[in-house]
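S.K.: Got a structure for you, questions after.
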Amino acid sequence: MAARLLIDLVAELRIGDGPVLASANSLTVTTNGRVIVGDQSDRALKVFGPDGLQVAPIGRAGAAPGEFTLLNSSGVLGDSVYGWDSRANRVTVFDPAGRYARAFAIGQPGSPRFARLRVMDDSLLVASGWVQGAHDQPLVEVFDRRGRRVGRMAQMKEAFSPPDPHLLPHTAVFADGRGGVVFSTVHGIDTIFAHTADGRMLGTGRIGLTGHAPVLDLRRLLRRNRGTLQRPDSSWVQDGHYAALGLVALSDDLVAVQFARLNFAENTDLLSDGGPVVVLRLLSDGTFQNVGQVRGPGALLGRSPEGNPLLLRWSGADLEWLELYRLIVQPATKGPP
């Protein structure tokens, strides 16, 4: 029986006189109510107080300690804040006051190029990213707080072999973990995977997006278009198709996946347009059950301390504030006899 999915407006975040938030890629709410948003545009972590007002950012562009050559994602690890710089292969950790504390590397020989780094159970980091350059390797890795690898998973060589040069650069993996379970999905494949933190397979299944155009199958579209990405009218074969662009683990058996309709002419903008969110449950037999689907008003970028998926959306005539939403999964109840 399907659960009831609710989208609840949590707060309005007011853009102050500080740096403008332009390209959000991650979102975390701390236990004391601060909202931390990773911003790839100027390579700083934007911070909003419990009252929703913007305060001083954390980090800045650069190559020195406490700076980022590229800010791919951010989050909260214990009482510290971190940012992930894939270009420098560096996780930078700041203390609760936003001061630089330490840094460590995670990428190792054979690792994918990680674009996202999510905290799992406040002790581990789940890394996922691009398929290009690592199509024959596990595509998700788990690290401890010191950057030591403790698990590798999501080996999908058969899905990307032979390594088509048009396919690999346009394919990415999204992963997150909670309660000892790591969930992952692939941009372009309507499939969900579950593993333990050390890499043991727990289950797999179809996500099952409903009520929309077919989920992107880039290999099939390339084959139909004679191996090229652009059609004769110069449009892209991905245009109009839905693809996974976000994943958040709710618990050890619940996961939310967001899809968006791809638009290469005007750019796909989840912060403005949102996209459907599918919630799935991992069952004891290793299969997945579709719990429900809801229209997400913004981009699915993170998780609250309580485990609720968080979405961020631009608002106002001049985009002068952001709306923060949470997704609530209410168990299904039986009606009266």
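Bear in mind these aren't lab numbers, they're just calculated from the coordinates by the rules spelled out. None of the values given here were measured: they were computed from a predicted structure. When we count neighbours, we look across all protein chains shown, and the Cβ atoms used for this are built from the backbone with ideal geometry, even at glycine.
S.K.: Could you work out which residue, out of R87, R34, R223, moves most in a Gaussian network model of the chain, that is, has the largest mean-square fluctuation with Cα springs under 10 Å?
M.R.: Judging by the Gaussian network model, the answer is R223.
S.K.: A further question on this structure: With springs only between Cα atoms under 10 Å apart, run a GNM on the chain and tell me which of R220, R149, R200 wobbles the most.
M.R.: Greatest mean-square fluctuation among the candidates belongs to R220.
S.K.: Return the sequence-ordered ³J(HN,Hα) values of region 215-226 in whole Hz as given by the Karplus equation 6.51 cos²θ - 1.76 cosθ + 1.60 applied to θ = phi - 60°, using x for Gly and Pro.
M.R.: 5, 3, 10, 5, 4, 5, 5, 5, 4, 5, 9, 6
S.K.: If all Cα-Cα distances of region 240-337 are sorted into 5 Å bins from 0 onward, what percent lands in each bin, rounded to whole numbers?
M.R.: Taking every Cα pair in region 240-337, the percentages come to 3, 12, 21, 21, 17, 13, 7, 4, 2, 1, 0.
S.K.: Taking the Cα centre of region 1-104 as origin, work out the dipole magnitude from +1 charges on Lys and Arg Cβ and -1 charges on Asp and Glu Cβ, in debye rounded to 20.
M.R.: The calculation lands at about 240 debye.
S.K.: In a Gaussian network model over the chain where Cα atoms closer than 10 Å are linked, find which of T171, T204, T228 has the largest mean-square fluctuation.
M.R.: The residue with the greatest mean-square fluctuation here is T228.
S.K.: Give me the number: length gained by fully extending D121 to R149, i.e. 0.36 nm times residue separation minus the C-alpha to C-alpha distance, one decimal in nm.
M.R.: Contour length minus Cα-Cα distance gives 8.5 nm.
S.K.: Order of Y325, Y242, Y82, Y100 from fewest to most other C-beta atoms within 10 Å?
M.R.: Y100, Y242, Y325, Y82
S.K.: Kirkwood hydrodynamic radius (Cα pairs, Å) of region 106-296?
M.R.: The answer is 17.0 Å.
S.K.: Evaluate the charge dipole of the chain about its Cα centre and quote only its size in Debye, nearest 20, assuming +1 on the Cβ of each Lys and Arg and -1 on the Cβ of each Asp and Glu.
M.R.: Details: 35 positive and 33 negative charges, 160 e Å.
Using Cβ point charges on Lys, Arg, Asp and Glu, the chain gives about 760 debye.
S.K.: Can you sort L117, L270 by how many other beta carbons sit within 10 Å, fewest first?
M.R.: Starting with the residue having the fewest Cβ neighbours, the order is L270, L117.
S.K.: Give the residues of region 157-191 whose amide nitrogen is closer than 13 Å to a point set 7 Å from the Cα of T228 in the direction of its Cβ.
M.R.: No residue passes the distance filter.
S.K.: Show the residues, 5+ positions off or on another chain, whose built amide H is closer than 5 Å to the amide H of A61.
M.R.: Here the answer is F68, since their amide H atoms fall under 5 Å of that of A61.
S.K.: For region 1-139, rounded, prolate or oblate, judged on the Cα gyration tensor with a ≥ b ≥ c (square roots of eigenvalues), a/c < 1.5 rounded, else prolate if a/b > b/c?
M.R.: oblate
S.K.: Once you compute Rg and the Kirkwood Rh from C-alpha atoms, what is the Rg to Rh ratio for the chain?
M.R.: Reported Rg/Rh (Cα atoms, Kirkwood Rh): 0.95.
S.K.: Just rank M156, M201, fewest to most, by other beta-carbon atoms within 10 angstrom. Provide the component values of the computation, followed by the final result.
M.R.: Values: M156 22, M201 13.
Fewest to most other Cβ atoms nearby, the residues stand as M201, M156.
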